[in-house]
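Structure, as structure tokens:
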């Protein structure tokens, strides 16, 4: 008990102090060198891959970013140490987790800070939920749970959908509706994401970048053997419209498709 | 209202009984084991849900952080770092399940769970299947869920040479908090439908249309069966299903207070979510797991114990003592130290 009360907090302060000092030394003397070598592609593969905008940003941009990150890490370390010291306080422990050794009275009636902590948690749960319900907002993990709440009046469907353009077979197209092709994106997320990008003022650039991203991931997954889809020359984004068939027989045969954008991964450029 | 008003006292005591009626530690301990164990299996065995590292490689063009990620300036880390965090999270889930360093492991489950589960929602769309898990982690992290059936308990018992199995109000409020969370979720869903569409949500063709529309690959998962359009051909069936759904959602909070209502609304909503998974596609496995908080595991253990006793024809049971009603053998056993 005396170790917990007296030595443990001191030990945490000492460890935090040591870690912070080591970090300051590292961030000042070694960090910038590592950033520079990663910038020039001379560091480890993982570190090299962290910097990809050499064509648009000078080295000083990344050094400044490193300075900011190192300050944030230092603050994080100090905050963590402070939180750990606070967490060792018996009063804090009994408030957050209850009395370690309960008497009969404490078992039957919660009092003081422990009761307050429980009520605060309940208030956060109820308050967060009611706020989202009242304002109809999404504040994940709270929500007003609005899915399927608006009535659907017409038997038609419009979706943003990705189509793969095959590298062979006369550049045939096929819809990328299977999760294995687009993971970690599912169809609902693809539709919502591209609807947002399409409405963005910088839509042309963003759509191109997003299509490049989907294409490179598709090819990476294919090369890893995680799907057996054909190699693609690129991707096309369509706005697809269906009149719903009562037995859904026209899933692969929409009424019309409007081409919105086309893109491909950088190293696929110029391939037939 | 006067302090000695019998009605006021009754409300206060009912409130206290609801949240803080003394209970044995067993029920909460079983909930802990099953909750964290099920999540470990779910996220461990289904890479579609459990592999978060892929989000680290997605382009910034698709990054649209959720409110708390934006407010706390939480970034999306590199895939390798996310994979490490994911490994730590799974370890924390496993440790929480067996009750090893439970305070640390449940807190880690909460913090990393918030980050990892929130990450996918920061890419284009917020799905609603796992928000309640973060709140459940919060409740479990602050509860004394490892006072029984845990490695921590075994170590403490060895150290102190005593057992501590007091019935306490500490073991009641976490389970009630989970009931509250689930009630808020379903009631919110019912309110949203009434607010946006009124009774037209039932009388319109909406559900009929959705049953067909979801065959067109629009949801986060495709329906498990293609019967939706056939259900839609029976004009009254979607309307009955819609009325039942909205009734179950709005009435769900009754399950908190009435044992009879619990037998209707909890299985009813679970069945509704299963039907959604089969006919429409969206998955709610995480909600299914949270339903375990509605089960009185003491009661289940007692029944199993009685069954085993009956089968063996002896008085003892492999499960040993330690569960049962509050006033049973150990209810107010006091520690010796």
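The values are calculated or read from the model by the stated rules, or taken from the named source; none is laboratory data. These numbers come from a predicted model, not from an experiment. Glycine gets a Cβ as well: all are built from the backbone with ideal geometry, and neighbour counts include every protein chain shown.
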Restricted to the stretch B:247-257 and to residues being at pLDDT 95 or above and surrounded by fewer than 16 Cβ atoms within 10 Å (Cβ to Cβ), the residue farthest from residue B:178 (Cα to Cα) is B:247
Is it the case that some residue within the stretch B:192-212 is buried (at least 23 other Cβ atoms within 10 Å of the Cβ) and more than 10 Å from chain A (Cβ to nearest Cβ)? no
Please verify whether the stretch A:185-206 includes one or more residues that are over 26 Å from residue B:213 (Cα atoms), surrounded by 14 or more Cβ atoms within 10 Å (Cβ to Cβ) and facing another protein chain (nearest Cβ under 9 Å).
yes
* To do: Scan the stretch B:182-189 and give yes if some residue there is within 9 Å of another protein chain (Cβ to nearest Cβ) and either within 30 Å of residue B:147 (Cα to Cα) or over 25 Å from the mean Cα position of the chain (by Cα) (or both), otherwise no.
  => yes
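Can you spot a residue in the stretch A:151-158 that is touching a residue at least 40 places away in the same chain (Cβ under 8 Å) and more than 8 Å from chain B (Cβ to nearest Cβ)?
Yes, that holds for at least one residue.
Condition check ((1) in contact with a helix residue (DSSP H, G or I) (Cβ under 8 Å, 6 or more places away or on another chain); (2) assigned by TED's automatic domain parsing to the domain that holds residue B:119; (3) crowded, with 18+ Cβ neighbours inside 10 Å) across all residues:
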{"site": "B:11", "(1), (2), (3)": "no, no, no"}
{"site": "B:36", "(1), (2), (3)": "yes, yes, yes"}
{"site": "B:42", "(1), (2), (3)": "yes, yes, no"}
{"site": "B:51", "(1), (2), (3)": "yes, yes, no"}
{"site": "B:65", "(1), (2), (3)": "no, yes, yes"}
{"site": "B:69", "(1), (2), (3)": "yes, yes, yes"}
{"site": "B:75", "(1), (2), (3)": "no, yes, no"}
query: Before we move on, is residue B:69 at the interface with chain A (Cβ under 10 Å from one of its Cβ atoms) and either under 15 Å from residue B:113 (Cβ atoms) or part of a loop (DSSP other than H, G, I, E, B) (or both)?
result: yes
For residue B:281, are the conditions met, namely being within 24 Å of residue B:38 (Cβ to Cβ), within 14 Å of chain A (Cβ to nearest Cβ) and at pLDDT below 95?
yes
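Evaluate the following for residue A:44: is it under 27 Å from the mean Cα position of the chain (by Cα) and in contact (Cβ under 8 Å) with a residue 40 or more places away in the chain?
When the stated conditions are applied, residue A:44 does not pass them.
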With the first residue restricted to the stretch A:91-104 and required to be within 9 Å of chain B (Cβ to nearest Cβ) and farther than 17 Å from residue B:138 by Cα, and the second required to be assigned to a loop (DSSP other than H, G, I, E, B) and at pLDDT 75 or above, Cβ contacts under 7 Å at 6 or more apart or on different chains are none
Return a yes/no flag: does the stretch B:156-169 have any residue that is within 10 Å of another protein chain (Cβ to nearest Cβ) and under 30 Å from residue A:191 (Cβ atoms).
-> no
Of (1) at the interface with another protein chain (Cβ under 7 Å from one of its Cβ atoms); (2) surrounded by fewer than 15 Cβ atoms within 10 Å (Cβ to Cβ), residue A:113 fails just (1)
Residue A:239: passes all of (1) more than 9 Å from chain B (Cβ to nearest Cβ); (2) touching a helix residue (DSSP H, G or I) at 6+ places or on another chain (Cβ under 7 Å); (3) at pLDDT 95 or above but (2)
(1) surrounded by fewer than 20 Cβ atoms within 10 Å (Cβ to Cβ); (2) in contact (Cβ under 8 Å) with a residue 12 or more places away in the chain all hold for residue B:55 apart from (1)
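Residue-by-condition table, conditions (1) under 21 Å from residue B:63 (Cα atoms); (2) within 14 Å of chain B (Cβ to nearest Cβ); (3) in contact with a strand residue (DSSP E or B) (Cβ under 7 Å, 6 or more places away or on another chain); (4) loosely packed, with under 12 Cβ neighbours inside 10 Å:
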| residue | (1), (2), (3), (4) |
| --- | --- |
| A:208 | yes, yes, yes, no |
| A:221 | yes, yes, no, no |
| A:235 | yes, yes, yes, no |
| A:258 | no, no, yes, yes |
| A:263 | yes, yes, yes, no |
Counting only residues in the stretch B:222-238 that are in contact with a helix residue (DSSP H, G or I) (Cβ under 6 Å, 6 or more places away or on another chain) and touching a residue at least 12 places away in the same chain (Cβ under 8 Å), the one nearest to the other protein chains (Cβ to nearest Cβ) is identified as B:229
